[in-house]
Amino acid sequence: MFVFCLDIGGTETRGALFGPDGNELARASGPAGALSLGVEASEAAIRGVWAHVTAQVSHPPALDETRLCAGLAGMGLAGRVQALKHQLADFQDTHFVGDGYAALIATTQGAPGALISVGTGVAALRLDAKGQTITLSSWGFPAGDLGSGAWLGLRLTNVLTRYLDGIPDDPPLTDAMADQILHITGDTPSKIMEWLTGSRARQYASLAPVIVEFAENGDPFARQMLRAAAAEITAVAAALYGADPGDVNLSGGLGRILQPYCAEQAPQFDWRFGASDPVLGAYLIAVGKAPKEALRTRPRMSVLDYE
């Protein structure tokens with residue numbers, strides 16, 4: 001049996017074809033395919049990557065002899081998941097899990113453990129010894145994803161508006177840092193208002209590298225911002241584990257940056273950083289080398305995020 005595995009996200013779609021012996025035969029990437037973009041976009045992304053990987057194989061398998069397994073962003077959109085499965089009925093069978101779960105499995109190789117991905121947003125998951133998974137954060141910007149790049153950018157613009165109005169902060173936002181922010185947002189009241197009202201998570205997250213740059217050069221304000229982000233991430237880690245701390249794998253663009261801050265604030269956890277390959281996580285799930293996704297409800301919810 002051939003296995004076609006994918007990581008389908010809001011930025012890009014990556015996939016690989018595995019042969020019956022488990023060897024990776026080909027790999028390719030394509031445009032975003034998250035279900036929030038629509039079923040048609042998801043199907044187009046999947047079939048586009050399929051075309052690219054099969055073009056690299058001398059004797060590509062037929063769809064009806066290929067199992068598809070994918071980590072998919074937007075699993076909470078249950079109606080769209082079912083519609084997408086229907087559209088992909090020409091595959092031998094189709095199995096979707098949350099994109100965060102595929103990344104978690106890739107990180108732990110199917111063993112118990114936790115993963116917190118910190119990028120534009122925040123996704124936090126823990127696989128327990130019973131094979132059940134709890135997922136936290138991922139509520140979306142601006143109310144959720146606390147500690148993320150978008151969250152940092154939003155907080156930075158809060159301080160920027162105070163700076164422009166001559167209201168002091170302690171430690172203060174420096175003129176040099178304000179100039180870099182204004183280079184991104186525009187430097188007139190009209191341009192700034194247009195940027196603030198027209199921007200979404202990705203645009204706000206584009207300000208996070210400014211914080212990182214100044215923090216690495218010792219700026220007190222920037223370092224305080226990163227400590228605040230780390231405090232949110234350590235709070236999520238505590239919620240994942242409860243009274244028995246364990247290892248926490250960090251990933252994402254801000255994971256490496258925040259690791260020392262998290263370790264300083266919450267030394268009871270074993271903080272690690274390492275990139276994982278969700279495509280391989282999907283493969284482990286597809287061939288039964290890792291548990292299938294079995295969600296637990298959030299601590300104050302009575303229904304699952306998705307089934």
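The values are calculated or read from the model by the stated rules, or taken from the named source; none is laboratory data. These figures come from a predicted structure and were not determined experimentally. Reconstructed Cβ throughout: ideal geometry from the backbone, glycine too, with neighbour counts over all protein chains shown. In case anyone asks, the SASA skips ligands and DNA or RNA and just uses the protein heavy atoms, side chains included. Shrake-Rupley method; radii C 1.70, N 1.55, O 1.52, S 1.80 Å.
Miscellaneous remarks
- The stretch 59-138 and the stretch 201-224 have their alpha-carbon centroids 32 Å apart.
- Accessible area per residue in Å² at 1.4 Å probe, computed on the stretch 1-147: 40 Å²
- Each listed q (0.12, 0.13, 0.14, 0.20 Å⁻¹) maps to a log10 I(q)/I(0) for the stretch 34-175, found by the Debye formula over equal Cα scatterers with no solvent: -0.68, -0.76, -0.83, -1.21.
- Protection proxy ranking, peptides 285-294, 8-17, 39-48, average beta carbon neighbours within 10 Å, highest first: 8-17, 39-48, 285-294
- For the stretch 187-307, accessible area per residue (1.4 Å probe, heavy atoms of protein chains only), Å²: 53 Å²
- Cα gyration tensor, the stretch 111-175 - rounded (a/c under 1.5), prolate or oblate: prolate
- Accessible area of D244 in the full protein assembly, 1.4 Å probe (Å², nearest 10): 110 Å²
- Ordering 216-229, 146-159 by mean Cβ neighbour count within 10 Å, with the highest value first, yields 146-159, 216-229.
- For the stretch 89-132, the gyration tensor built on C-alpha atoms gives an oblate shape. Its axis ratio a/c (a ≥ b ≥ c) is at least 1.5, and a/b is not larger than b/c.
- In order through the stretch 118-134: 3J(HN,Hα) via Karplus (6.51 cos²θ - 1.76 cosθ + 1.60), integer Hz, x for Gly, Pro: 10, x, 4, x, 9, 10, 10, 9, 9, 9, 8, 5, 8, x, 9, 10, 10
- In order along the stretch 54-61, phi translates into HN-Hα couplings of 5, 5, 8, 10, 5, 10, x, x Hz, rounded to whole numbers, per the Karplus curve 6.51 cos²θ - 1.76 cosθ + 1.60 with θ = phi - 60° and x for Gly and Pro.
- Here the Karplus curve 6.51 cos²θ - 1.76 cosθ + 1.60, taken at θ = phi - 60°, turns the phi angles of the stretch 144-149 into couplings of x, 6, 5, x, 7, x Hz, with x standing for Gly and Pro.
- Estimated at 0.36 nm per residue, the fully extended path between A111 and D244 surpasses their Cα-Cα distance by 46.2 nm.
- Of all aspartates and glutamates in the structure, those lying under 20 Å Cα to Cα from K130, and not within fewer than 8 positions of it along the same chain, are D244, D247, E293, D305, E307.
- Answer label, with Rg and Dmax of the Cα atoms in Å calculated from the coordinates and candidates [x] 21.0, 68; [y] 18.4, 64; [z] 19.7, 65: [x]
- Within the accessible area of the chain (1.4 Å probe), percent carbon and sulfur: 52 percent
- CD proxy at 222 nm, helix term only [per DSSP H run n ≥ 4: -39500 (n - 2.57); per residue of the chain; nearest 500]: -13000 deg cm²/dmol
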